[in-house]
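Here is the structure we will look at, set down as structure tokens.
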């Protein structure tokens, strides 16, 4: 049974359609990534699921009920919203305490979640003095307060340092492994590639993909091979003869961060598509061409995502402006 | 200093069932009480309320008593002797009421400026009960304090003036005026909260409520038509409500003390009602 379900969900702000007849279901026991460029409608969709915004059409349910009909909602659903939701003059403990009281939870539960996220020592300080990382921890504490089965996290790693990113990532995986339902939104494709088991991709409020992460990646552009050789011209000729394409690689291309050729080196770096890495090696060996590097490149989720959104452009749903969805 | 980051998350679900009961109005009221007591603005505005209201009552009473024979007899009669109780309350409440108005606006608007409204509505998605609990908690807090301040003001003011004019709680209408001063301040605070919940913006809300309390009565005074002025003025929230803490009824007065207070209550209920309706309709 899907824990979160959107059916024909639509939200208009004036004449702007933020969420456009969106239907999807989120299953328990895995991390579901909710992916889309900035302004795609991710946050609005989450707010609709959480009953903060009123849908123009369709509905969103959790455990089959609209959010407003859950009797102690925080015991079922935890949410970490991107926008801040803590009074800067109130201590972390008092913020969690009032939330706990609405659910009939004891104060001991507040102290338990504060320890859980590592905010115990600063729990009585004004939360306005918190760093971004600490605020995010407080947000996680609020989401975990009722030990909920369903968690919605809106851009949880935005602005966090690497340590914080790792913490959130492990937390989500662990919670999913416990059988909970995790829906996490992001515009960072690479972050989703390492975190999410399943992806729901939207653009302009419309559903573009709803599939396992590997499938979305595999659907993306064909695999390419990175080749470094001091004898580029001969190799390019051989590759073309085989029906492949070889173009000089641009610096920093490739999401795995492979270093570009060192300065002064005569070796050129090529990106080859259409021929598998093994065949390139054979071609080079047969002509005694020296290779310094031969690396198959996995299509990144970002490539897959660009592919997807470019696809939707063909049907006229999306203004292609790569700056909107490039990872930062 | 930042907290030592815990690298690993240890599941708390080992606690199998969290002890809890179905969400009720009492839970929501308790939470609203935690909210209101855990921000500094509450303590500050209420501290200023007590100090300003009782302090100004004492100051005005003392200045009047000390210069009793220097005062023009006519103005002394008009200002103090005809209604010493009204004089005592008017002196302190005139400014003291603004602190309650500010707190009323803040209680509503800081939910929006800080974004706490999102956390609140996630915890209590039924919006009418959430606002009702806020109204109840703020109303009770102000009522208790305002009654204490009202009786305090009365005893301080009457003690200072007693050489010249004797007023006691047992005098006709005096107890009603004293209790009424506290009621007036409470309902005015709720009106301010309604303004805040409608405007959702602190500076805007405070400006409007100060305009209603202080500026509007002056503006209506500029109206050329006397009959129109009298009738409009009588039904302004502050003008109507303040009748409850006076003892003397002037014969030009359109409303009785309780009628005036009723008009103030209607204003407050109207604003809170519209605010509640919009809270339920609008996106948070």
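The values are calculated or read from the model by the stated rules, or taken from the named source; none is laboratory data. Just so you know, these numbers come straight off a predicted model, no measurement behind them. A quick note on method: Cβ atoms are made from the backbone with ideal geometry, for glycine too, and the neighbour counts reach across all protein chains shown.
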Residue within the stretch B:49-72 that is in contact (Cβ under 8 Å) with a residue 60 or more places away in the chain, out of contact with any helix residue (DSSP H, G or I) (no Cβ under 8 Å at 6 or more places or on another chain) and away from chain A (no Cβ under 14 Å) present: no
Residues being over 19 Å from residue A:81 (Cβ atoms) and within 15 Å of the chain's Cα centre (by Cα) - total across the stretch A:144-161: 0
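So that you can scan it fast, the table gives a plain yes or no per residue for (1) within 20 Å of the chain's Cα centre (by Cα); (2) in a helix (DSSP H, G or I); (3) crowded, with 24+ Cβ neighbours inside 10 Å; (4) not assigned by TED's automatic domain parsing to the domain that holds residue A:181:
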| position | (1), (2), (3), (4) |
| --- | --- |
| A:61 | no, no, no, no |
| A:68 | no, yes, no, no |
| A:89 | no, no, no, no |
| A:94 | no, yes, no, no |
| A:98 | no, yes, yes, no |
| A:109 | no, yes, no, no |
| A:112 | no, yes, no, no |
Residues of the stretch A:172-184 that turn out to be surrounded by 23 or more Cβ atoms within 10 Å (Cβ to Cβ) and farther than 11 Å from residue A:151 by Cα, as a count: 0
The lone exception for residue A:14 - which of (1) surrounded by fewer than 16 Cβ atoms within 10 Å (Cβ to Cβ); (2) at negative phi; (3) more than 12 Å from every other protein chain (Cβ to nearest Cβ) it fails: (2)
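Rundown of residues vs (1) buried (at least 21 other Cβ atoms within 10 Å of the Cβ); (2) in a loop (DSSP other than H, G, I, E, B), yes/no style:
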| residue | (1), (2) |
| --- | --- |
| B:223 | no, yes |
| B:228 | no, no |
| B:239 | no, no |
| B:243 | yes, no |
| B:248 | no, yes |
| B:253 | no, yes |
| B:268 | yes, no |
| B:274 | no, no |
Among (1) within 18 Å of residue A:192 (Cα to Cα); (2) free of Cβ contacts under 8 Å to residues at least 40 places away in the same chain, the one test that residue A:13 misses: (1)
Filtered residue count, the stretch A:189-211, keeping only those that are farther than 20 Å from residue A:23 by Cα and surrounded by fewer than 22 Cβ atoms within 10 Å (Cβ to Cβ): 2
Residue match in the stretch B:243-260 (condition: within 14 Å of chain A (Cβ to nearest Cβ) and in contact with a helix residue (DSSP H, G or I) (Cβ under 8 Å, 6 or more places away or on another chain)): no
Residue within the stretch B:97-114 that is on the phi < 0 side of the Ramachandran plot, within 14 Å of chain A (Cβ to nearest Cβ) and not in a helix (DSSP H, G or I) present: yes
Residue A:37, sole failed condition from (1) facing another protein chain (nearest Cβ under 8 Å); (2) touching a helix residue (DSSP H, G or I) at 6+ places or on another chain (Cβ under 7 Å): (1)
Residue match in the stretch A:52-59 (condition: in contact with a helix residue (DSSP H, G or I) (Cβ under 6 Å, 6 or more places away or on another chain), part of a loop (DSSP other than H, G, I, E, B), more than 9 Å from every other protein chain (Cβ to nearest Cβ) and in contact (Cβ under 8 Å) with a residue 12 or more places away in the chain): yes
Looking only at the stretch A:144-170, and only at residues there that are surrounded by fewer than 21 Cβ atoms within 10 Å (Cβ to Cβ) and facing another protein chain (nearest Cβ under 9 Å), the one that is farthest from residue A:47 (Cα to Cα): A:163
Options A:208, A:153, A:160; residue that is outside any helix (DSSP H, G or I), at pLDDT 95 or above and assigned by TED's automatic domain parsing to the domain that holds residue A:62: A:153
Number of the condition not met by residue A:63 [criteria: (1) at the interface with chain B (Cβ under 9 Å from one of its Cβ atoms); (2) at positive phi]: (1)
Positions within the stretch A:171-185 being away from chain B (no Cβ under 12 Å) and within 21 Å of residue A:83 (Cα to Cα), in sequence order: A:182, A:183, A:184, A:185
Condition broken by residue A:194, with the remaining ones in (1) over 12 Å from the mean Cα position of the chain (by Cα); (2) in a helix (DSSP H, G or I) satisfied: (1)
Qualifying residue in the stretch A:67-88 (condition: free of Cβ contacts under 8 Å to residues at least 60 places away in the same chain and over 29 Å from residue A:178 (Cβ atoms)): yes
